[in-house]
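Everything below concerns the one structure shown next.
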Amino acid sequence: MFISKFKNLALAASLLSSAALMTLGSTAAMAAAPLAKTPAPGYFRLMLGTYEVTALSDGTVDLPMEKLLVEPEAKTTEALAKAFLKTPVETSVNAYLINTGSKLVLIDTGAGGLFGPTLGKLIANLKASGYQPEQIDDIFITHMHGDHVGGLATKGAINFPKATVHADQRESVYWLSAANMEKAPADKKGMYQGAMDSLNPYLAAKKVDLFKGSSELVPGVKSYSTYGHTEGHTVYVVESEGQKLLLIGDLIHVAAVQLDNPEVTIAFDTDQKEAAKMREKVFTEAAQQGALVGASHIQFPGLGHLKKSGKSYQWVPVNFTQMR
Ligand SMILES: [Zn+2]
């Protein structure tokens with residue numbers, strides 16, 4: 001009895017050790033799985049009343065925020081560290097697709113080919129999300145900076161053949177003016193050129209509608225003038241069944257800094273004072289109304305709610321939903 005038990009134990013021990021050897025041997029012989037290196041999914045979807053909202057990633061771009069924010073570098077670096085970030089900050093570029101049931105509306109178009117290979121992914125992500133560029137009826141532009149209009153056209157060819165492009169007239173007067181480009185410093189001329197290359201094909205095709213100020217543009221989508229970041233910067237307000245979404249464009253660039261301190265502006269703001277004023281105004285309204293917010297440069301999908309505490313704001317990202 002004792003012997004057989006001992007024998008069994010010995011057998012078990014030898015089996016275990018040979019199993020261990022085999023495991024070691026097979027680990028050494030098998031190659032590790034190669035890193036997938038495929039990008040993260042580039043769209044996210046939720047419902048707003050009866051409307052379907054799809055956040056589309058155009059990609060990300062590394063930006064030296066300690067240099068770009070109008071704030072002492074050390075303060076920016078410190079605020080970023082608190083959010084576990086370093087400069088350059090990998091910054092999201094987001095656009096939003098709204099299916100109202102009667103219209104398919106795109107808010108901004110990403111950078112296209114204007115900002116290098118880490119951006120310009122909007123059309124691929126639009127297709128991955130189940131739509132084709134030729135289905136888009138209307139495109140609303142928050143402002144004519146390259147990371148918002150670059151996706152409109154590729155080398156002079158229209159990317160959205162059916163769409164009418166809408167923007168505040170002030171944006172067009174400012175960015176599509178040869179005289180303004182002429183007057184601009186050398187390092188800013190490219191911004192005008194980028195806007196012209198993106199919008200001109202639609203102007204030639206008579207597919208541009210320039211509106212003046214705040215108004216309802218298609219049922220359920222209104223423009224809301226928030227001039228400051230640029231001459232004609234516009235927020236779009238989407239509303240369905242009492243639910244509201246504010247697509248705020250470039251009212252914020254660096255959540256880790258500008259939520260705590262909304263007075264901090266960025267070098268890209270045409271009018272620093274007005275840009276800060278509009279951020280404060282829209283953030284206060286969004287917080288009071290409990291409106292959903294979609295932000296071009298808050299980390300993808302850039303959808304969440306704002307809460308006010310004193311002079312600061314807190315960003316509460318939306319819950320993940322599978323829309324089942
Ligand atoms: Zn932007």
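The values are calculated or read from the model by the stated rules, or taken from the named source; none is laboratory data. Small disclaimer: the values here were computed from a predicted structure and weren't measured. All Cβ positions, even for glycine, are placed from backbone atoms using ideal geometry, and neighbour counts span all protein chains on display. Heavy atoms of the whole protein, side chains included, go into the accessibility calculation; ligands, DNA and RNA do not. Shrake-Rupley method; radii C 1.70, N 1.55, O 1.52, S 1.80 Å.
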Item checked: Cα-Cα over 31 Å, subset of K37/K273; K183/K222; K155/K281; K82/K308; K67/K189 -> K37/K273; K183/K222; K155/K281
Next item on the list: Could you tell me how many degrees, from 0 to 90 and to the nearest 10, lie between the Cα long axis of helix 2-29 and the main elongation axis, the longest principal axis, of the Cα atoms of the chain?
Entry: 40 degrees
Next item on the list: Return the percentage of antiparallel bridges among DSSP beta bridges fully within the chain, rounded to the nearest 5 %.
Entry: 80 percent
Checklist line | Per-pair calculated FRET efficiency, R0 = 25 Å: A36 and N319 via Cβ, rounded to 0.05 | finding: 0.40
Notebook entry, point to check: How large is the accessible surface per residue of region 43-317, computed with a 1.4 Å probe and reported in Å² as a whole number?
Noted result: 42 Å²
Next item on the list: Quick one: dipole size for the chain, taken about the Cα centre, charges +1 on Lys/Arg Cβ and -1 on Asp/Glu Cβ, in debye to the nearest 20.
Entry: 1060 debye
Margin query: Sequence gap at least 6, Cα distance under 8 Å: using those rules, report the relative contact order of the chain to the nearest whole percent.
Written below: 16 percent
Check: Carbon-plus-sulfur fraction of the accessible area of the chain, 1.4 Å probe, in percent?
Finding: 59 percent
Check: In degrees, nearest 10, range 0 to 90: what is the angle between the Cα axis of helix 73-82 and the longest Cα principal axis of the chain?
Finding: 50 degrees
Next item on the list: Pick out, in residue order, every one of the trypsin sites (Lys or Arg not before Pro) in region 142-242 that is DSSP loop and has at most 12 other C-beta atoms within 10 Å; say none if there are none.
Entry: K155, K206, K212
Item checked: Positive-pole candidate from N94, G49, G213, dipole of region 43-317, charges at beta carbon -> G49
